[in-house]
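Student: I'd like to ask some things about the structure below.
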Amino acid sequence: MQQYDYSRVYKGKIDLLSGLPSSGERARPIQTLAWYPAQKSAAPALLYGDYIRSATTEEVFARTDAEVKQLAGAWIGQRWGGIGAAQAEQEWRRPMWAVRDAVELPGKFPVVIYAPSFSASAHESADLCEYLASQGYLVLASPDMGAHECTMSHDIEGVEAQVGDIEFLIGYAHGLAQADMAHLAVVGYSWGGMSNVFAAAKDSRITALVSLDGSLRYFPELVNSAKYVVPARLALPFLFVAARPRSIEDLLAKKQDLSASLMNNMAYTDLYKVTMYPMTHANFSSEYQRFASDAGGFGEYSRAETSLAHSWMARYVHQFLNAYLKNDAAGLAFMNGTPEKNLVPPHMLTLESRHANGQPPTLETLAEGLGKRGFEHAGEVYKDIKSRHGDFQPSEESLRGWGYQLLLANKTGAAIEIFKLVTVLFPDSWNAFDCLAEAYQQNQDRALAIKHYRRSLELEPKNDNAAQHLKTLNAAR
């Protein structure tokens with residue numbers, strides 16, 4: 001499917017190749033591949049070459065058949081020039097599971113967004129996407145492109161570009177009849193396995209996260225630069241499937257930053273880390289599995305061995321999604337079982353896991369506590385969170401904004417309790433006392449309104465708002 005995100009610009013005013021004004025649509029192209037549960041069909045299955053043909057139009061939709069044929073023919077040579085013509089032809093013609101435009105199965109299905117690796121096409125892990133669709137998931141993917149050109153960039157703008165694509169696909173999924181938007185996961189590989197973490201930190205509707213050897217390990221400086229990508233905003237189940245470990249010497253030689261790990265600090269999530277020993281970083285792409293050369297493409301392992309490992313990777317992704325998107329007890333038992341119990345071949349993988357340690361220290365957690373215990377216990381609930389998380393400190397602005405929302409909703413008593421908390425946390429803030437006074441005034445508590453307007457004026461004698469309200473209340477300054 002060929003779509004545009006009209007909320008974002010892609011082409012500049014001037015075409016960099018010609019130096020002339022850009023022509024055609026300048027909005028961001030989002031070529032979308034969709035795999036979904038479908039009724040059995042007698043129609044012929046897609047060939048892998050059909051996916052390659054789709055990649056030729058991921059940036060420029062309006063290509064002629066001749067252009068598509070030419071570009072598709074060059075695809076293998078450009079990306080996988082080390083393989084022989086016979087292997088390339090064999091993979092090109094290999095039937096897949098999917099059928100084009102198959103009739104949808106009735107019902108609602110959990111949604112999975114797939115985020116590809118650096119500058120990769122949407123079909124990069126078509127085998128995984130087809131497999132998940134066959135198991136009752138609606139899967140959507142789009143290419144990984146930079147903010148303003150097809151090639152991704154190694155910077156925060158590049159990450160945010162892919163985050164925007166994930167957000168676009170979430171919005172698109174809302175209009176699909178099969179989509180169960182209450183159960184939404186994002187699976188990302190490499191660069192996409194970092195972008196999806198950013199997306200989850202921004203969007204709490206994402207209910208599960210899978211990172212296939214994600215780049216949050218390899219670009220910690222980008223993760224740290226996004227101040228919102230913090231453990232408190234990643235309180236969702238997380239599966240990280242890792243390639244076989246690299247040596248400390250190799251990491252240091254590549255100047256890998258080993259000073260911090262976001263995953264180590266993710267205390268509010270059920271976190272599973274599966275390490276696949278036969279797999280290097282590249283092996284997570286099914287396209288790589290198909291087209292890499294037997295001579296050197298798989299290191300000390302064979303294509304068959306890494307393909308088997310790839311299938312176990314897919315099985316862990318599937319069971320994890322079953323556990324957390326379908327509330328499937330068997331899936332959860334699988335994730336919490338040992339590899340031996342799950343009949344994994346010996347020496348294939350290891351599994352480390354830990355479970356969420358309470359709720360994150362956020363304003364939302366504070367609100368939930370007040371919703372259960374009552375707003376009159378605001379100070380106690382705050383102290384309880386603070387005792388467990390010493391760095392919990394909501395901003396004055398966010399608390400005052402919350403209080404004013406309560407006032408506008410005619411929940412004056414609750415607003416007073418929030419403003420009282422603000423004055424305790426920020427005792428030198430004239431604005432905090434001004435807000436509390438206003439809430440008391442709305443509650444027709446004249447004496448307390450006057451008291452707190454006067455305190456606000458003590459802290460800020462130029463507070464004309466307090467002075468005017470005192471006049472209205474017939475009270476001296």
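Student: Distance from a point 7 Å along Cα→Cβ of Asn465 to each backbone N in region 432-447: keep the residues under 12 Å and list them by number.
Tutor: 432-439
Student: Ignoring everything but the protein chains, give the 1.4 Å probe accessible area of Cys150 in square angstrom, nearest 10.
Tutor: Here the residue's solvent-accessible area equals roughly 40 Å².
Student: Ranking request for peptides 153-162, 284-293, 330-339: highest mean number of other beta-carbon atoms within 10 Å first, then the rest in descending order.
Tutor: 284-293, 153-162, 330-339
Student: Excluding ligands and nucleic acids, what accessible area in Å² is computed for Asp434 using a 1.4 Å probe, to the nearest 10?
Tutor: The accessible area comes out at roughly 10 Å².
Student: Please report, in cubic angstrom per residue, the volume enclosed by the convex hull of the alpha-carbon atoms of the chain.
Tutor: 207 Å³
Student: Still on this model: Please give the residues of region 382-416, grouped as numeric ranges, whose backbone N is less than 20 Å from a label point set 7 Å along the Cα-to-Cβ vector of Gln444.
Tutor: 407-416
Student: Counting only protein heavy atoms and using a 1.4 Å probe, what share of the accessible area of region 163-245 belongs to carbon plus sulfur, as a whole percent?
Tutor: 57 percent
Student: Mind ordering 183-192, 386-395, 88-97 by average Cβ neighbours within 10 Å, highest first? List each step's numbers first, then the result.
Tutor: Values: 183-192: 26.9, 386-395: 12.3, 88-97: 14.5.
Per-residue Cβ counts within 10 Å, averaged per peptide and sorted highest first, yield 183-192, 88-97, 386-395.
Student: Using heavy-atom solvent-accessible surface (probe 1.4 Å) with all chains present, what is the largest-first order of Tyr6, Tyr114, Tyr172?
Tutor: On the way: Tyr6 160, Tyr114 5, Tyr172 45 Å².
Reading off the accessible areas and sorting them downward yields Tyr6, Tyr172, Tyr114.
Student: Then there is this: Longer than 25 Å from Cα to Cα, which of Lys202/Lys411; Lys372/Lys420; Lys273/Lys326; Lys420/Lys462 are they? Say none if no pair is.
Tutor: Long pairs (Cα-Cα over 25 Å): Lys202/Lys411.
Student: Calculate, in nm to one decimal, what His377 and Ala45 gain on full extension: separation in residues at 0.36 nm each, minus their alpha carbon distance.
Tutor: 113.3 nm
Student: Let me ask another. Considering only protein heavy atoms, what per residue accessible area in square angstrom results for region 28-162 with a 1.4 angstrom probe? Write down the numbers at each step before the final one.
Tutor: Values: 6080 Å² over 135 residues.
Result: 45 Å² per residue.
Student: At 1.4 Å probe size, with the rest of the protein present, what percent of the exposed accessible area of region 312-425 is carbon and sulfur atoms?
Tutor: Roughly 52 percent, rounded to a whole number.
Student: Per the 1.4 Å probe, what fraction of the accessible area of region 1-103, in percent, lies on carbon and sulfur atoms?
Tutor: On region 1-103, the fraction of accessible area on carbon and sulfur atoms equals 55 percent.
Student: Under the rule of -39500 (n - 2.57) per DSSP H run of 4 or more residues, summed and divided by the residues of the chain, what mean residue ellipticity at 222 nm is obtained, to the nearest 500 deg cm²/dmol?
Tutor: Estimated from H runs of four or more residues: -13000 deg cm²/dmol.
Student: So in the chain, what percent of DSSP beta bridges are antiparallel if you round to the nearest 5?
Tutor: 40 percent
The values are calculated or read from the model by the stated rules, or taken from the named source; none is laboratory data. As the structure is a computational prediction, the values presented were derived from the model and not from experiment. Here Cβ is always computed from backbone atoms with ideal geometry, including for glycine, and neighbour counts include all displayed protein chains. Note: accessible area is taken over every heavy atom of the protein model, side chains too, but ligands, DNA and RNA are not part of it. Shrake-Rupley method; radii C 1.70, N 1.55, O 1.52, S 1.80 Å.
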